[in-house]
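Data first, discussion second: the structure below is written as structure tokens.
The values are calculated or read from the model by the stated rules, or taken from the named source; none is laboratory data. This is a predicted model, so every value here is computed, not measured. Every residue, glycine among them, receives a Cβ derived from its backbone with ideal geometry; neighbour counts consider all protein chains shown. Side chains are part of the model used for accessible areas, which takes the heavy atoms of the whole protein and leaves out ligands, DNA and RNA. Shrake-Rupley method; radii C 1.70, N 1.55, O 1.52, S 1.80 Å.
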Amino acid sequence: MEFKLNEDQQMIHDLAADFAQTVLLPRLDEIEKGELVEVSNGEKHVQLLHDIHEQMVECGFVGISFPEEYDGLGMGHVEQAIVIKEISRISPTAGKALDVYILGLEALDLYASHEQKLKYLAPCCRGEKTVSFAFTEPETGSDPKMLKTRLTKQADGTYLLNGVKRFISNAGYDGPCVLFALEATEEGKDIVTGVIIDKFCKGYSISSPWEKVGYKGSEVWDIFLDDVVVTEDQILGNHGDGFTQLLGTTAYGKLGFTAVFVGTALGAADLALAYCQEKLHRGKSITKFPTTQLRLSTMLTYAHTAELLCLEAADYCDHNHFANDDIATMRAVQARTAQAKGYAAETATKVATMAVNAMGAYGVCDEYRAERFVRDAAIAPNIEGSGDIQYLIHGMYVAANGNTN
């Protein structure tokens, strides 16, 4: 086994690191504020700075792991994780924004038809549209039995979509939205079906952005669906496949968030090290103290362990592709990414807090940036599935398969 990036991976690493340093670092305050952008129905909503989004697209970051046939770069999940990690190392907000762009694209890449990919996936890879992925509702986190959004067939063969989705990223951007709803079969049984709608179509509206402690500049909204008309060509895959599609998409989605959290931990450790090197005590850097050395080593041990888990899980994703009916492989991928996500989420919160403590009173001052990482890390154990649930997913897989690999 060789712990070394290949030439293409090193190139994409360097590109992402340079982008983070030269484009994101000077504009962190602007990124957290976002900007008002007019959407197709004439409303204005807060979005990530448009020029930064455009530059991410130009660098190939948005479509990095998607097929060239649909205007992606055709690279893998390892490269995707590297990009998200390096961007999050400077701005977790920008890293999270990139990750949620990619999440919806994963659903389209895995389960959409060729025609749907041409219509939705390709324009998003080109940066012309931005996809949302909407499952969570006011009464459900990850349990499809608690869904309230309904897809109801009409006499003319179309469907009406009604319900509310909560904490949805990119809901205030023009583009497709992949969402999941309950649908009644002819026998009266409820099934979960995935659909693709165009945001800001008739019957689509959103709340004000939720006020959050962290990830400011990467907003989330509630989506309100009031008799949104859906046609058969907007069904994702087959009727009733929604829960499998949700599991498959989030199996990859957990990897993206893992990379955000790894970048958060590394970025916080970077700040702590720089501060300790510059902070003097009797004319010498405080890095001379064993307590400082211990703290720095502990932070980096956590962060590098999470990074290795992330890259190992990404490599596993790239070597274990799954199709619609390959549930066994999907479960194996899910177990790997859940384990990595659970550990990285814990690591982000630990390391960010340790970084603040390493900097003393300066750590909570805006000028020193460490407090941003604490704010952004606060949600880590509770986004894309809670931390405890991630370990349970991994543990159940290990117990069921009797294999610790």
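Quick notes on this structure:
- Neighbours by Cβ (under 8 Å, 6+ apart or cross-chain): first from the range 154-167, within 30 Å of GLU211 (Cα to Cα); second among the acidic types (Asp, Glu) and surrounded by fewer than 18 Cβ atoms within 10 Å (Cβ to Cβ): LEU161/ASP227; ASN162/ASP226; ASN162/ASP227
- If the condition is being outside any strand (DSSP E or B) and of a type outside the set (Gly, Ala, Ser), then the range 186-200 contributes GLU186, GLU187, LYS189, LYS199, PHE200.
- Residue pairs whose Cβ atoms lie under 6 Å apart, separated by 6 or more positions or on different chains, with the first residue in the range 288-300 and assigned to a helix (DSSP H, G or I) and the second open to solvent by less than 60 Å² (accessible area, probe 1.4 Å) and β-branched (Val, Ile, Thr), are THR292/ILE286; MET299/VAL351.
- For THR349, the criteria (1) polar (S, T, N, Q); (2) under 21 Å from ALA94 (Cβ atoms); (3) without any contact (Cβ under 8 Å) to a residue 24 or more places away in the chain hold in every case but one, which is (3).
- PHE200 vs. criteria hydrophobic (A, V, I, L, M, F, W, C) and open to solvent by 70 Å² or more (accessible area, probe 1.4 Å): no
- On the stretch given as the range 283-336, residues that are more than 23 Å from ALA399 (Cα to Cα), polar (S, T, N, Q) and open to solvent by 40 Å² or more (accessible area, probe 1.4 Å) total 8.
- Inter-residue pairs, beta-carbon under 7 Å, first in contact (Cβ under 8 Å) with a residue 40 or more places away in the chain and in the range 355-382, second outside any helix (DSSP H, G or I) and open to solvent by 70 Å² or more (accessible area, probe 1.4 Å), 6+ apart: ARG375/VAL213; ALA378/VAL213
- Against the conditions (1) part of a loop (DSSP other than H, G, I, E, B); (2) open to solvent by 10 Å² or more (accessible area, probe 1.4 Å); (3) not β-branched (Val, Ile, Thr), ASP29 satisfies every one except (1).
Residues are listed down the side, and each one gets a yes or a no for (1) part of a helix (DSSP H, G or I); (2) surrounded by fewer than 21 Cβ atoms within 10 Å (Cβ to Cβ); (3) over 18 Å from the mean Cα position of the chain (by Cα):
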{"residue": "ALA348", "(1), (2), (3)": "yes, no, no"}
{"residue": "ALA352", "(1), (2), (3)": "yes, no, yes"}
{"residue": "ASP388", "(1), (2), (3)": "yes, yes, yes"}
{"residue": "LEU392", "(1), (2), (3)": "yes, yes, yes"}
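- Among the residues of the range 358-366, some residue qualifies, meaning at least one is open to solvent by 50 Å² or more (accessible area, probe 1.4 Å), out of contact with any Gly (no Cβ under 6 Å at 6 or more places or on another chain) and not in a helix (DSSP H, G or I).
- So GLN80, is it free of Cβ contacts under 8 Å to residues at least 60 places away in the same chain, out of contact with any Gly (no Cβ under 6 Å at 6 or more places or on another chain) and not hydrophobic (A, V, I, L, M, F, W, C): no
- Of the residues making up the range 367-386, those that are outside any helix (DSSP H, G or I) and of a type in the set (A, V, I, L, M) are ALA378, ILE379, ILE383.
- When each of VAL164, VAL192, VAL213, VAL230 is tested for being among the aliphatic types (A, V, I, L, M), within 30 Å of LEU49 (Cα to Cα) and open to solvent by less than 50 Å² (accessible area, probe 1.4 Å), the lone residue that passes is VAL164.
- Considering residues of the range 168-185 that are touching a residue at least 60 places away in the same chain (Cβ under 8 Å) and part of a strand (DSSP E or B) only, the residue surrounded by the fewest Cβ atoms within 10 Å (Cβ to Cβ): SER169
- Counting residues in the range 36-55 that are of a type in the set (D, E, K, R), closer than 22 Å to ASP270 by Cα and not in a strand (DSSP E or B) gives zero.
- Residue satisfying all of: in the range 111-143; touching a strand residue (DSSP E or B) at 6+ places or on another chain (Cβ under 6 Å) and in a helix (DSSP H, G or I); surrounded by the most Cβ atoms within 10 Å (Cβ to Cβ) among these: TYR120
- Screening the range 314-335 for residues that are modelled with pLDDT of 95 or more and of a type in the set (Asp, Glu) and picking the one that is farthest from GLN390 (Cα to Cα) gives ASP318.
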